[in-house]
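Okay, so here's the structure we're looking at.
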Amino acid sequence: MKSEPLKIEDSQEIDFSSNDSQSFFGRISSRILNQKEDSKTADLSILKTSEALLLLQNYEETRQGWFWSTDKVGNITYITDSLAEVMNQSQQELIGTPFLELFRESKDQGCSERTLRFILAKQSPFDQLQLQADIGDGGRWWSVSGKPQLDKSGNFIGYRGNGKDITAQRRSENESSRLAMFDSLTGLANRTSISKTLQTMLSTLKQQKRTCAIMLLDLDRFKQVNDTLGHLAGDELLKQVAKRLLNAIGKRGEVSRIGGDEFEILLPDCEDRGELGQLSNAIISSLSQPYSVDGCRCIIGVSIGIAISPFDGMTSEDLITGADLALYAAKAGGRGRFHFFSKDLQQSAKDRRILEEDLRDALSNDELSLSYQPIVNAKDGVVRGVEALMRWNHPERGPISPAVFIPIAEDANLIKSLGEWALNRACSDAVKWPNNFRVAVNVSPIQFADEKLPSLVLKALKVSGLKAERLELEITESVFLEGSEKTEKMFADLKEIGVRLALDDFGTGYSSLSYLQTAPFDKIKIDQSFVRGATIPGSRNSAIIAAIVALAEALDMETTAEGIEAMDELEWIRDLNVSHVQGYVYSMAVQAEELLLLVKNGEWIVNPNGPAKFRQDRVSMYRKVQAVHENHCYSVMIRNISATGALMEGLSEVPVGTKFVIDFGDGQLALAVVRRSEKLQQGIEFEERLVSDGNGGLCTRRRVSPYLIASAGMHIPNIPADFYPTSIYPNPLNSLPAFYSANDKR
Ligand code: C2E
Ligand code: MG
Ligand code: MG
């Protein structure tokens with residue numbers, strides 16, 4: 001006889017009100033055992049079932065999980081005791097209440113009560129739903145499964161299911177996912193997390209046609225701190241950098257650390273290059289302030305590369321590549337600056353690699369030389385000494401600026417040999433000059449950190465026969481790690497040799513006046529960025545320079561103002577009692593042979609000669625741009641440009657007041673009005689000021705959005721290199737031009 005398996009379909013028949021201490025499964029299994037069955041198979045089946053029920057009972061008692069069932073309207077018909085206890089209720093109290101009431105709506109990841117409501121209403125099965133328990137602080141989570149139950153005729157009669165507590169598991173998952181998304185040192189988002197955010201952000205912003213900027217930051221000279229003060233100090237420094245970055249960015253964007261000393265910042269809805277430039281400058285200045293690490297004062301800098309979506313790319317790869325190239329350019333441009341991405345950077349990155357290769361051979365090919373710029377007594381015009389400035393005459397490219405090749409030499413590990421060469425050459429040149437003439441040689445931070453420097457200096461002096469007091473070493477403040485024993489020892493060793501020490505580029509953002517009192521300098525050189533624009537009304541530089549001069553005098557140090565070009569600047573600097581001046585107003589650097597002639601009489605006096613007034617940076621250039629007037633597009637030349645206007649050449653008889661749209665390429669359009677007009681040249685004024693591109697150039701604040709161009713019917717899957725059409729204006733053929741261009745035959 002075939003035995004029917006025992007069914008416990010209708011749990012309603014069990015009396016839950018009983019105070020019997022036996023559990024539900026215990027009671028059922030004993031009831032089954034009491035049932036009279038006569039066949040052996042039935043016995044076996046009963047035994048199996050009762051065994052299963054006892055196991056379930058044991059399981060319930062271990063509190064590893066719980067069981068539940070509902071009737072067809074969703075009210076609880078059974079719930080494990082232990083669960084009721086957790087809910088601070090009795091089993092009896094919970095019976096008859098809606099199952100859904102055990103859970104709460106959760107904002108955390110997991111499944112919400114609302115999802116469960118939906119599933120129950122559809123009478124669908126569900127497996128391991130993560131639900132938040134509706135208890136106390138809400139910190140408890142369950143994984144719940146359920147299966148709909150049908151009667152013999154297939155009618156839904158309720159649910160049965162189980163659940164277990166997964167609070168601990170979720171906590172550790174959360175913790176490990178937090179660890180996976182955050183940088184454990186600084187607490188900032190890490191590379192994985194920020195790339196995810198960037199991707200999500202880009203796809204959302206693309207749909208909504210919004211913009212977003214990314215900044216890549218790389219700390220300058222961080223390696224030096226790490227090497228000198230050790231990794232622990234390096235870590236501490238990174239933490240402080242992270243804090244300053246968070247302060248600078250605030251709620252504007254998200255800051256992350258993507259590797260060693262590299263950071264990435266995402267800024268949604270940001271395309272204004274003026275604002276981005278200001279923000280970058282604020283970051284650069286904040287990060288360049290001295291840090292106190294392990295009782296030592298140290299200074300680092302930062303370079304920033306910026307790319308903006310959709311202009312510079314629409315995918316995260318394109319944007320990162322763009323920002324990376326821009327960062328590279330910022331570093332190549334002399335560090336401590338920002339750079340916007342532009343398409344010509346792809347070429348410059350290649351150029352730099354080639355330059356690096358060429359620089360390796362420059363010394364042996366005799367392509368390097370030293371030029372000497374006089375340092376003049378501000379009162380009487382007598383030249384007291386010269387600064388040796390390295391020149392590279394590239395066989396194909398001609399002269400290359402040290403501002404370009406010195407950073408390359410530093411990165412490519414070539415600076416020590418270049419520096420040693422400069423030291424030797426400067427000393428051997430200087431012995432040929434009159435005795436009262438000094439020579440100043442620039443020493444890179446990398447040379448300064450090299451223990452061999454004092455012996456190299458001694459050797460250069462010995463071989464050339466130059467007296468130590470005629471040699472001055474120019475050191476930039478960036479190398480100082482105040483309190484570091486190495487620095488102190490280097491200073492002491494150099495002073496013992498008897499050479500003079502000058503603090504170069506003072507005023508570039510991180511100078512500490514108090515530090516000057518302890519460092520053994522003979523001279524402070526006030527950086528030209530500090531001098532530049534100081535004659536413009538409202539500048540506070542005068543007061544600061546006056547303070548520096550007073551302190552220097554008290555400490556018996558000389559002062560030199562660098563980069564004086566105009567007569568008004570010279571007058572101003574004299575009024576401030578700066579003792580020496582170095583600048584084009586006296587002389588540019590001259591070749592060694594020329595210098596020999598100039599000093600042969602034993603004294604060299606120069607008369608200042610320069611423009612009367614310093615002019616707001618007006619950059620000379622020769623650049624072809626498009627000028628659009630009504631529906632005509634003309635090709636014109638820009639001869640010089642400033643933030644507020646430009647001199648345009650190529651059109652004749654343009655009335656004053658005429659409006660143009662100047663197209664500088666890459667979507668950069670500027671509205672301009674003709675203010676002066678003379679034959680083929682017009683002075684134009686921009687409606688909105690141009691802004692610094694971070695590298696001595698200018699750019700428009702905003703660019704024409706590719707979205708706009710797309711809405712005019714162009715497809716933009718991704719921005720190709722030649723994305724922006726030369727002219728995005730109406731076809732010029734349908735009307736006559738208003739102006740003649742220089743090349744037109746009249
Ligand atoms: P620096 O040591 O601050 O040198 C002064 C720079 O200012 C020189 O630029 C000089 O030509 C420029 N200058 C002087 N007067 C004026 C002026 O009136 N107007 C303007 N606009 N500029 C003026 P240069 O020769 O291009 O050198 C740039 C930097 O390259 C130097 O800045 C120095 O940091 C570095 N450098 C040059 N030669 C050497 C070298 O032999 N070794 C090392 N390590 N660095 C060097
Ligand atoms: Mg110098
Ligand atoms: Mg300088």
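Starting with the fewest neighbours, write out 53, 100 ranked by other beta-carbon atoms found within 10 Å of each beta-carbon.
Final ranking by Cβ density, sparse to dense: 100, 53.
Among the GluC sites (Glu not before Pro) within segment 63-163, which fall in a DSSP loop and have no more than 13 other Cβ atoms within 10 Å of their own Cβ?
Working: sites: 85, 93, 101, 105, 113; in loops: 105.
Loop-located and lightly packed - 105.
Which ordering of 490, 181 is given by a fewest-first count of other beta-carbon atoms within 10 Å? Before the final figure, lay out the partial values.
Values: 490 19, 181 16.
So the residues, fewest neighbours to most, are 181, 490.
With each label point set 7 Å from Cα along the Cα-Cβ vector, what nm distance links residue 584 and residue 377?
So the label points at residue 584 and residue 377 sit 2.7 nm apart.
Cα-Cα over 29 Å: which of 624/679; 243/525; 196/343; 122/209; 251/486; 467/523?
On the way: 624/679 18 Å; 243/525 32 Å; 196/343 26 Å; 122/209 39 Å; 251/486 41 Å; 467/523 18 Å.
Exceeds cut-off: 243/525; 122/209; 251/486.
Pick out, in residue order, every one of the GluC sites (Glu not before Pro) in segment 341-426 that is DSSP loop and has at most 10 other C-beta atoms within 10 Å; say none if there are none.
Working: sites: 356, 357, 367, 387, 396, 410, 420; in loops: 367, 396.
When the GluC sites (Glu not before Pro) of segment 341-426 are filtered for loop state and at most 10 Cβ neighbours within 10 Å, 396 remain.
Considering only C-alpha atoms, what is the centroid distance from segment 386-439 to segment 518-551, in Å?
When both Cα centres are located, 26 Å separates them.
Based on the alpha-carbon gyration tensor of segment 550-615 and its eigenvalue square roots a ≥ b ≥ c, which shape applies: rounded if a/c is under 1.5, prolate if not and a/b is larger than b/c, or oblate? Please report the intermediate quantities before stating the final value.
Details: a/c = 2.52, a/b = 1.28, b/c = 1.97.
Oblate, because a/c is 1.5 or more while a/b does not exceed b/c.
Amide H of residue 558: which non-local residues (sequence gap of 5 or more, or other chain) have their own amide H closer than 5 Å, using H built in the peptide plane?
523, 524
Would you list which aspartates and glutamates come within 20 Å of residue 152, measuring only between C-alpha atoms, while excluding same-chain residues fewer than 8 positions from it?
The qualifying aspartates and glutamates are 4, 9, 10, 13, 71.
In what sequence do 588, 637, 314 fall when counting other Cβ within 10 Å, fewest first? Could the numbers behind the result be given before it?
On the way: 588 10, 637 17, 314 20.
With the fewest neighbours first, 588, 637, 314 line up as 588, 637, 314.
What FRET efficiency comes out for residue 459 versus residue 181 if R0 is 45 angstrom and r is the Cβ-Cβ distance? Round to the nearest 0.05. Please list the in-between numbers first.
On the way: r = 54 Å, r/R0 = 1.21.
Taking R0 as 45 Å, the efficiency between residue 459 and residue 181 is 0.25.
Can you tell me how much longer the chain between residue 344 and residue 251 gets when fully stretched, taken as 0.36 nm per residue apart minus their C-alpha distance, in nm with one decimal? Mind dumping the intermediate values first?
Values: separation 93, 0.36 × 93 = 33.48 nm, distance 3.27 nm.
Contour length minus Cα-Cα distance gives 30.2 nm.
What trypsin sites (Lys or Arg not before Pro) in segment 113-156 are in a loop by DSSP, with at most 13 other Cβ atoms within 10 Å of the Cβ?
152
Let me know the shape class of segment 182-342, please: from the alpha-carbon gyration tensor, a ≥ b ≥ c as square roots of the eigenvalues, rounded when a/c is under 1.5, otherwise prolate if a/b is greater than b/c, or oblate. Walk me through the intermediate numbers first.
Numbers: a/c = 2.08, a/b = 1.67, b/c = 1.25.
Verdict is prolate for segment 182-342.
Bear in mind that the values in this text are calculations on the coordinates, not laboratory data. Source: prediction; values computed, not measured. Here the Cβ is made from the backbone with ideal geometry for all residues, glycine too, and neighbour counts use every protein chain on show.
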